[in-house]
Amino acid sequence: MNSDAKSRQGKRGTLSIVVPLYNERESLPELHEEICRVCEGMDVSFEVLYVDDGSTDDSFHVLEAMQGRDPRIKVLQFRKNCGKADALSAGFSAAKGEMIVTMDADLQDDPAEIPRLVEKLNEGYDLVSGWKKKRKDPLSKTVPSRLFNRVTALFTGIPIHDFNCGFKMYRREVVQSLYVYGELYRYIPVLAKWEGFRIGEIQVHHRPRKYGKTKYGFSRLLNGFLDLITVMFLSKYTKRPLHLFGLFGLFSFLSGSGITIYLVILRITKATYLSNRPLLFIGVLLVILGIQFISIGLLGEMIARSYTPDHRYSIRRTLGV
């Protein structure tokens, strides 16, 4: 057995660092140097998995050169830009570690926080989320983010401060049980909590952006709230859609039926003409809407029974995977 194998056997635990990126060629060498310096001082064996989300700069070529010097680097390159959720899903699938860290590639996440994340995870948590309390971003990002986090905490009942922080630590079983797509990466703590995992949070050091510019704009706030509705629906009703649509449908149908029966009684007992009564049209409309809602719920039940989740990303090249 060679010395490298012996050293790996002597390590306690394995760690995978998953780094999704898009056009971050300037920051990659510096980021990797910091990650290695921190992880080499820990009692773990580690790998760094970079997921190139269809970059249009030289990011992949920079990673290719880095991987030639360090076999601990693994690279996945998408054929096109698919979004952070797909990048994370691909990274989770390829990661081999018992513990998995996700962080951004723009140098704003400080790799020196990784040991603290591991320490917090070892307190019995399944997922530890970073909290960028002192955030080094412009107001156009910090103000919408604070509003988003407060609304999300209110609606989900999960008392963490920074749902959208990409700096997180997971146990392997967490990432194996989550299906993340679209923009739902913002709600990973919510999805994990509703799956029964224990969620923790620590403050992490956040640094100003050193290279390039942010890839996200103000529209992210609106998308975030729309995704919150998606998460609330998927977590509670994705396997029983009739419970949601049927509730509205039953209420609408019973209300419409009650109004219609009332008007029929008036017509029979008092010989009242109904052709000029707007209430009749409201009653009929509610009955029709009720039937439609219940029908949608039943169709949703059939779709849910036959649905098999799938990812839409396409991988062009891999290195070391």
*Each residue of the stretch 123-129 in turn: what ³J(HN,Hα) in whole Hz from Karplus with 6.51, -1.76, 1.60 and θ = phi - 60°, glycine and Pro shown as x?*
7, x, 8, 9, 9, 10, 9
*What's the FRET efficiency of ARG146 with GLU30 using the Cβ-Cβ distance as r and R₀ = 30 Å, to the nearest 0.05?*
0.55
*If you plug each phi of the stretch 256-267 into the Karplus form 6.51 cos²θ - 1.76 cosθ + 1.60 with θ = phi - 60°, what whole-Hz ³J(HN,Hα) values come out, in order, with x for Gly and Pro?*
x, 5, x, 5, 5, 4, 4, 5, 4, 4, 4, 5
*Can you flag which of LYS74/LYS133; LYS132/LYS193; LYS96/LYS133 are past 27 Å Cα-Cα?*
LYS74/LYS133; LYS96/LYS133
*By count of other Cβ within 10 Å, fewest leading, how are THR269, THR152, THR260 ordered?*
THR269, THR260, THR152
*Amide H within-cut-off set for GLY97, under 5 Å, with H built and near neighbours excluded*: SER16
*Once you have the Cα-Cα distance between LYS136 and SER255, take 0.36 nm times their residue separation minus that, and quote the gain in nm to one decimal.*
37.5 nm
*Could you list ASP57, ASP162, ASP227 in order of exposure, starting from the residue whose Cβ has the fewest other Cβ atoms within 10 Å?*
ASP57, ASP227, ASP162
*How high is the FRET efficiency between HIS243 and THR272 when r is their beta carbon distance and R₀ equals 45 Å, given to the nearest 0.05?*
0.70
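Any read-out appearing in this document is the output of simple, stated calculations on the displayed coordinates, not a laboratory observation. Bear in mind the structure is a predicted one, so any value in this text is a computation, not a measurement. Every residue, glycine as well, gets a Cβ built from its backbone with ideal geometry; the counts of neighbours run over all protein chains shown.
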